[in-house]
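The structure appears right after this line, and notes come after that.
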Amino acid sequence: MTLFHILDILGIIAFAISGSLVAMRKKLDPFGVFIIAFATSVGGGTLRDVLIGAQPVFWMKNTEYIFIITASYVFAIIFRKKLKYLSKSLFLFDTIGLGLYTIMGTEIGLQANFHPIIVVSIATMTASFGGVIRDILCNEIPIIFRKDIYVTAAVLGSITYLILHNFNFSDTIVYVSTSVIVISIRLTAVLFKLSLPTFYSKK
């Protein structure tokens with residue numbers, strides 16, 4: 001099992017738990033919680049594979065992903081009472097998933113020999129669109145459409161990956177540095193209440 005595959009699995013777990021937490025906060029039934037967990041986990045990767053012509057999409061070729069999502073869903077259900085601060089738990093798992101999926105998207109874009117701009121776009125899509133689908137299904141405005149520093153973190157993380165990869169750093173250094181950059185930006189933005197500028201006036 002390669003480091004890339006391990007990070008891929010960890011990303012699936014993080015987003016599955018993130019989706020489960022949002023669904024439980026919305027008080028959906030068990031089936032609804034599973035659907036949200038599943039969509040959050042594979043949504044971005046599915047859209048990526050469709051756009052780059054990778055057929056069938058990744059989770060259809062390997063049922064391991066379905067079992068991992070199911071296990072993560074069951075974990076979130078069982079330990080829901082332990083996760084007393086759902087909003088904090090949601091933020092944590094969502095941020096981890098964002099960092100890990102930024103790596104996945106960037107690596108896959110590089111393997112397909114796309115232009116760096118397209119690679120960053122694919123990485124951002126992979127990292128954020130599972131959350132978009134989750135929020136839409138749960139009747140919330142997706143976080144990437146608000147002023148929160150979310151997509152910006154994925155973009156900067158992907159650029160970091162490309163720079164380090166260009167200088168031939170080892171995969172371990174590239175993966176760790178990228179995830180640290182993404183997670184640090186998200187944590188810093190929330191901690192210091194940083195956000196993107198807006199042209200709407202406050203009332």
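Highest first, please rank the peptides 34-41, 132-139 by the mean number of other Cβ atoms sitting within 10 Å of their residues. Before the final figure, lay out the partial values.
Details: 34-41: 25.4, 132-139: 18.1.
Descending packing order for the listed peptides: 34-41, 132-139.
Roll a 1.4 Å probe over the protein chains and send me the accessible area per residue for the range 1-129 in Å².
On the way: 6130 Å² over 129 residues.
On a per-residue basis, the range 1-129 sits at 48 Å².
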Next on the checklist: Suppose the chain between N166 and I149 were pulled fully straight at 0.36 nm per residue; how much longer would it get relative to their current alpha carbon spacing?
Outcome noted: 3.5 nm
Checklist entry - Taking 1 over the mean of 1/r across every pair of different Cα atoms in the range 16-64, what Kirkwood radius in Å do you get? => result 11.5 Å
Checklist entry - When all alpha-carbon pairs of the range 42-127 are counted, what percent fall beyond 22 Å? => result 37 percent
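For the ranges 124-130, 105-111, what's the packing order if you count other beta-carbon atoms within 10 Å of each residue, average per peptide, and put the highest first?
124-130, 105-111
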Checklist outcome for this item: Output for the chain (equivalent-ellipsoid semi-axes, sqrt of 5λ from the C-alpha gyration tensor, Å, descending) is 25, 22, 16
Checklist outcome for this item: Simple SL model, points at 7 angstrom along Cα→Cβ for F58 and T188; separation in nm is 2.7 nm
Next on the checklist: In whole percent, and with a 1.4 Å probe on the protein chains, what portion of the accessible area of the chain is carbon and sulfur?
Outcome noted: 69 percent
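The values are calculated or read from the model by the stated rules, or taken from the named source; none is laboratory data. Quantities reported herein were computed from a predicted structural model and do not represent experimental measurements. Because the Cβ atoms are built from the backbone with ideal geometry, glycine has one as well, and the counts that use them run over all protein chains shown. For the accessible areas, the whole protein counts, side chains as well, though only heavy atoms, and no ligand, DNA or RNA atoms are used. Shrake-Rupley method; radii C 1.70, N 1.55, O 1.52, S 1.80 Å.
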